[in-house]
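The block underneath contains the structure these notes are about, expressed in structure tokens.
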Amino acid sequence: MSAASAGVLRNAAAVPWIEGPGHHGGALSKVLVAAGEGGSRLTDYRISSYAPGAHVARHAHETKEQIYHFLEGEGLLELGEAAHVVRAGDCALIPPHVPHALQNTGMGRLVFIVVTVPL
């Protein structure tokens, strides 16, 4: 098995938190598996943790779809022209070309998994 196809095993505690472009006020993510890493051609898998009031600005992905799975907290997800309150247990599909934004509206952290798949 080549190194490129050996897979990835990583402990989340060893991965640094980052605040990506368009993310504000403590909207942090840990990239646990990046697209192209360990034999994955497409999938990006991360855990995100937003401080109260933190948000990601409205944007759209032209060549990607995303799934958000909310684990803790409460937030407001703008998806297209609609706004949705999201809580632990909720799961959202964000298709390509659909503008979206997310803000933590709760008193604690908003924690969720993000799976991104380029098309």
Whichever residue in region 78-93 is of a type outside the set (G, A, S) and either modelled with pLDDT under 95 or part of a loop (DSSP other than H, G, I, E, B) (or both) and, among such residues, is surrounded by the fewest Cβ atoms within 10 Å (Cβ to Cβ):
E81
Restricting the search to region 19-34, which residues are in a loop (DSSP other than H, G, I, E, B) and over 11 Å from A51 (Cβ atoms)?
G20, P21, G22, A34
Out of all the residues in region 45-60, is one or more of a type outside the set (V, I, T), touching a His at 6+ places or on another chain (Cβ under 8 Å) and surrounded by 16 or more Cβ atoms within 10 Å (Cβ to Cβ)?
yes
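Looking at P96, P16, which one is exposed (fewer than 12 other Cβ atoms within 10 Å of the Cβ) and assigned to a loop (DSSP other than H, G, I, E, B)? Before you say what the answer is, go through the steps one by one.
Details: P96 fails: exposed (fewer than 12 other Cβ atoms within 10 Å of the Cβ).
On inspection, the qualifying residue turns out to be P16.
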All but one of (1) modelled with pLDDT under 95; (2) in contact with a helix residue (DSSP H, G or I) (Cβ under 9 Å, 6 or more places away or on another chain) hold for L42; state the number of the condition that does not hold.
(2)
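Of these, A27, A6, which one is within 17 Å of V115 (Cα to Cα) and out of contact with any Pro (no Cβ under 9 Å at 6 or more places or on another chain)?
On the way: A6 fails: within 17 Å of V115 (Cα to Cα).
When all the criteria are applied, what remains is A27.
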All conditions in (1) buried (at least 17 other Cβ atoms within 10 Å of the Cβ); (2) touching a His at 6+ places or on another chain (Cβ under 7 Å) are true of H24 except (1)
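L102 - would you say it is modelled with pLDDT of 95 or more, surrounded by 14 or more Cβ atoms within 10 Å (Cβ to Cβ) and either more than 22 Å from G26 (Cα to Cα) or not aromatic (F, W, Y) (or both)? Working first, answer last.
Numbers: modelled with pLDDT of 95 or more: yes; surrounded by 14 or more Cβ atoms within 10 Å (Cβ to Cβ): yes; either more than 22 Å from G26 (Cα to Cα) or not aromatic (F, W, Y) (or both): yes.
Answer is yes for this residue.
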Please verify whether S48 is closer than 18 Å to T116 by Cα, out of contact with any Leu (no Cβ under 9 Å at 6 or more places or on another chain) and hydroxyl-bearing (S, T, Y), treating the condition exactly as stated.
no
Scan region 91-109 and tell me whether some residue there is farther than 23 Å from W17 by Cβ, without any contact (Cβ under 8 Å) to a residue 24 or more places away in the chain and among the β-branched types (V, I, T).
no
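Yes/no matrix, rows are residues, columns are (1) touching a residue at least 40 places away in the same chain (Cβ under 8 Å); (2) of a type in the set (D, E, K, R); (3) part of a loop (DSSP other than H, G, I, E, B):
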{"position": "G39", "(1), (2), (3)": "no, no, yes"}
{"position": "P52", "(1), (2), (3)": "yes, no, yes"}
{"position": "E62", "(1), (2), (3)": "no, yes, yes"}
{"position": "E65", "(1), (2), (3)": "yes, yes, no"}
{"position": "H69", "(1), (2), (3)": "yes, no, no"}
Sort through L110, L119, L93, L79 and tell me the only one that's within 16 Å of S29 (Cβ to Cβ) and not β-branched (V, I, T).
L110
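The values are calculated or read from the model by the stated rules, or taken from the named source; none is laboratory data. Every value quoted in this text rests on a predicted model; they were computed, and no experiment measured them. Cβ atoms come from the backbone with ideal geometry, glycine included; neighbour counts cover every protein chain shown.
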